[in-house]
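Encoded as structure tokens, the structure appears first; notes follow it.
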Amino acid sequence: MNLKRYATIYAALWKNSVSREMSFKGNFILWIIVELLWFGLQLSFVSVVFSQTNAIGSWTKWQMVMLVGASNFIQQIYQAFFLTNCTNLSELVRTGKMDFLLALPINTRFIISLRVVDLGAFVNAAFGLCVMIFAAHKAELHPTLWQVLGFGALCGVGVLIHYSLMFMLAAISFWTVRAQGIVWGYYNLFNIARMPDEAFHGAFRAVFTFALPVLLVSNVPTRVLANTLVSWHSWLLLLGVGVMWAVLSEWFWRVSLRKYTSASS
């Protein structure tokens, strides 16, 4: 893969996305406001819960606020790069526009996954970071440089997990044509990510730690910043799950692509 060539193509995709967003400034600002209001409701939920208790397991109020902020940050970064593209895969298959993308002299998964960038999500991700910084200050936490770098790396793994899972679910459209309901169903599970892992037990916790690892994705990075990570096993588990889903996603994509029947055939 020619990295310089792909970087040039991606820069052009960014330019196109900026032009599109600036053409509809009202819509751009409205969606930022809607996302911020939803984020505010999540923070209000924390206040309501901690008006009745002092802790959830080992999680204090401000650690919980950090968790909500981290969950929002990871979700918004994923949304900025991948959400629109994953949800559009079904339409590409249904309308036959996939023919055009397959004919391009470029990796098909690359162009499908990255052709649209949601710029407003970066703004909302910044608000998530601000909330985390404020919560860390209130909790009197002082993360080291290594903790901050570890948090960033684990957030990257979390985004990779979300992308791999959702892209794989979107690829079901090669069999069913319409798979938006399945894709959005997984996206709605992101709400579970803002909950502390200690609030769940048994099969429910196992499913949302390994099969659909939304709890793992947000809890581990937050524990790194809050210095409450008991062992390095959680790091390795998150990395292992990330690699596993990335490999499965690529395999499923190749299998799915062989099921595609060209609209012109």
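Values quoted throughout were computed directly from the atomic coordinates according to the rules given, and no laboratory measurement underlies them. It should be emphasised that the depicted structure is a prediction, and the values quoted were computed from it without experimental measurement. Here the Cβ is made from the backbone with ideal geometry for all residues, glycine too, and neighbour counts use every protein chain on show.
Stokes-Einstein D for the range 123-177 at 4 °C, 1.567 mPa s, Kirkwood Rh over Cα pairs, in µm²/s?
D = 94 µm²/s.
Once the dipole of the chain is set up with Lys and Arg at +1 and Asp and Glu at -1 on Cβ about the Cα centre, which of ASN27, LEU189, GLN63 lies farthest towards its positive end?
Value computed over the given set: ASN27.
Note the direction-averaged projected area, equal to a quarter of the hull surface, for the Cα convex hull of the range 1-108, in nm².
For the range 1-108, the mean projected area of the Cα convex hull comes to 10.6 nm².
List the DSSP H helices in the chain whose Cα atoms stretch 18 Å or more along the helix axis and whose mean Kyte-Doolittle hydropathy is at least 1.0.
Span-like helices here: 25-50, 119-138, 145-170, 214-226, 233-257.
Local charge sum around LEU215 (other residues, Cβ-Cβ under 15 Å, Lys/Arg +1, Asp/Glu -1)?
Once positives and negatives cancel, what remains is +1.
Within the chain, how many Lys pairs sit with Cα atoms under 23 Å apart, leaving out pairs fewer than 8 places apart on the same chain?
Eligible lysine pairs with Cα atoms under 23 Å apart amount to 5.
Rank by packing, highest mean first: peptides 197-208, 17-28, 53-64, 147-158, with packing defined as the count of other Cβ atoms within 10 Å averaged across residues.
Sorting 197-208, 17-28, 53-64, 147-158 by mean packing, highest first, produces 147-158, 53-64, 197-208, 17-28.
About the Cα centre of the range 3-257, what is the dipole size in debye to 20, counting +1 per Lys and Arg Cβ and -1 per Asp and Glu Cβ, all else neutral?
That gives the range 3-257 a dipole magnitude of about 480 debye.
When you count, for each residue, the other Cβ atoms within 10 Å and take the mean per peptide, how do 243-254, 36-47 rank with the highest first?
Highest mean packing first, the order is 243-254, 36-47.
Among (i) 18.4; (ii) 20.3; (iii) 19.7, only one was calculated for this model; which label is it, if the read-out is Kirkwood radius over Cα pairs in Å?
Answer label, from the structure shown: (iii).
Quote the relative contact order of the chain in percent (integer), defining contacts as alpha-carbon pairs under 8 Å separated by 6+ residues.
25
Roughly how many whole Å is it from the C-alpha centroid of the range 140-174 to that of the range 1-51?
16
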